[in-house]
Amino acid sequence: MMSAPHIIKKDAEGVLVLTYKHSKSWPVRCVIAKLHVTGDDFSAICRVRCGTEEEGRREVAIDTSHTGVTVFELKRIWSVSLIGLFSLPINAGCRAAVLILPQPVIPVNTVALQHGTHLKPIPGGGFSEEHDMREYRQGDPVRSIHWKVSAKFDSLFIREPLAPPPHSRLVHIIKWNAATERDLILGCLLWVSDYMLKWQMPFYIKFDDKEIIVEVRQEKDLIDFLYSVLDYEAPKKAAIDSLPSRFSWIFRIDAATAGKATDKNTEAGTGINSEKTPGFANGNRRLNSD
């Protein structure tokens with residue numbers, strides 16, 4: 001079995017956990033696992049060697065120096081005989097994905113961001129935690145009359161329920177061309193999303209080269225969206241049936257909005273941290289048991 005954290009901050013510590021159990025009495029020397037590691041701009045194959053305990057676990061440090069979704073796939077393992085003469089291949093079929101996020105980045109054009117929502121009366125009345133008081137008008141329902149206030153001012157007043165109007169806000173993400181741009185754009189997206197949700201302003205979000213548009217009302221919606229667009233094998237979000245006919249406010253996030261990024265030759269990592277994992281060799285991508 002294989003497990004990994006759902007979300008890791010960039011440059012933070014994180015480990016991939018391999019848990020193994022011998023279900024047969026066949027004596028083994030070790031177990032070798034072939035691990036495929038893929039990311040936004042890299043791909044690598046590593047071999048992980050596990051010990052001979054009946055039940056155990058192996059921790060592999062994850063390289064968190066790059067952002068995006070890193071996918072670990074364990075497609076096959078080999079059980080090596082006690083004296084090392086032959087090995088038996090076993091299909092595994094395990095998969096784990098990790099979303100590595102940068103620190104939030106304040107966008108350049110913060111002036112374009114909205115500041116809160118304006119409440120409007122609910123047509124036909126109804127219940128709402130927010131309300132306003134106004135004088136009674138012909139046609140208003142009698143049950144909405146606030147009798148204590150009306151008696152105080154010797155005139156009829158009603159309690160008018162208020163609610164935020166349907167929103168038509170869109171955050172549009174432009175695809176990056178380099179790893180440094182990816183860090184800036186994702187960091188800017190995190191900051192804008194946190195800002196909007198703190199002001200209780202839900203919004204729609206769209207990725208440049210993807211057709212899906214997702215509504216974000218809480219942080220989990222944003223995380224699910226990032227997994228959906230960055231992990232190509234993840235379940236895709238269903239399209240929203242009722243979209244606004246037009247968006248009244250569109251906030252565009254690209255490399256120019258988030259900041260300047262000029263280094264387009266940044267080398268991508270392999271998804272496994274060679275410095276934090278003892279026994280890692282860059283030449284043959286092999287992890288030794290000791």
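One table, with the values for the structure above:
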quantity: Any hit, segment 58-68, residues being more than 23 Å from the chain's Cα centre (by Cα) and in contact (Cβ under 8 Å) with a residue 40 or more places away in the chain; calculated: yes
quantity: Test result for ILE213, at pLDDT below 90 and farther than 24 Å from ILE8 by Cβ; calculated: yes
quantity: Residue in segment 172-192 that is on the phi < 0 side of the Ramachandran plot, touching a Lys or Arg at 6+ places or on another chain (Cβ under 8 Å) and without any contact (Cβ under 8 Å) to a residue 24 or more places away in the chain present; calculated: no
quantity: Test: residue in segment 249-260 that is surrounded by fewer than 17 Cβ atoms within 10 Å (Cβ to Cβ), under 28 Å from VAL48 (Cα atoms) and modelled with pLDDT under 60; calculated: no
quantity: Members of segment 21-39 found to be under 33 Å from the mean Cα position of the chain (by Cα) and surrounded by fewer than 15 Cβ atoms within 10 Å (Cβ to Cβ), listed by number; calculated: LYS21
quantity: Tally, over segment 53-104, of residues that are among the charged types (D, E, K, R), at pLDDT below 85 and in contact with a Cys (Cβ under 9 Å, 6 or more places away or on another chain); calculated: 2
quantity: Unmet requirement for ARG182, which otherwise passes all of (1) at pLDDT 75 or above; (2) not in a helix (DSSP H, G or I); calculated: (2)
quantity: Scan of segment 187-201 for residues that are touching a helix residue (DSSP H, G or I) at 6+ places or on another chain (Cβ under 9 Å) and at pLDDT below 90, ordered by number; calculated: MET201
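Each row is one residue, and each column tells you yes or no for (1) of a type in the set (Val, Ile, Thr); (2) in contact with a Gly (Cβ under 9 Å, 6 or more places away or on another chain).
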position	(1), (2)
VAL60	yes, no
ASP63	no, yes
THR70	yes, yes
LEU82	no, no
LEU85	no, no
ASN91	no, no
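The values are calculated or read from the model by the stated rules, or taken from the named source; none is laboratory data. Note that the coordinates shown come from a computational prediction; the quantities given were computed from them, not determined experimentally. Neighbour counts are summed over all protein chains in view; Cβ atoms, including those assigned to glycine, are modelled from backbone coordinates with ideal geometry.
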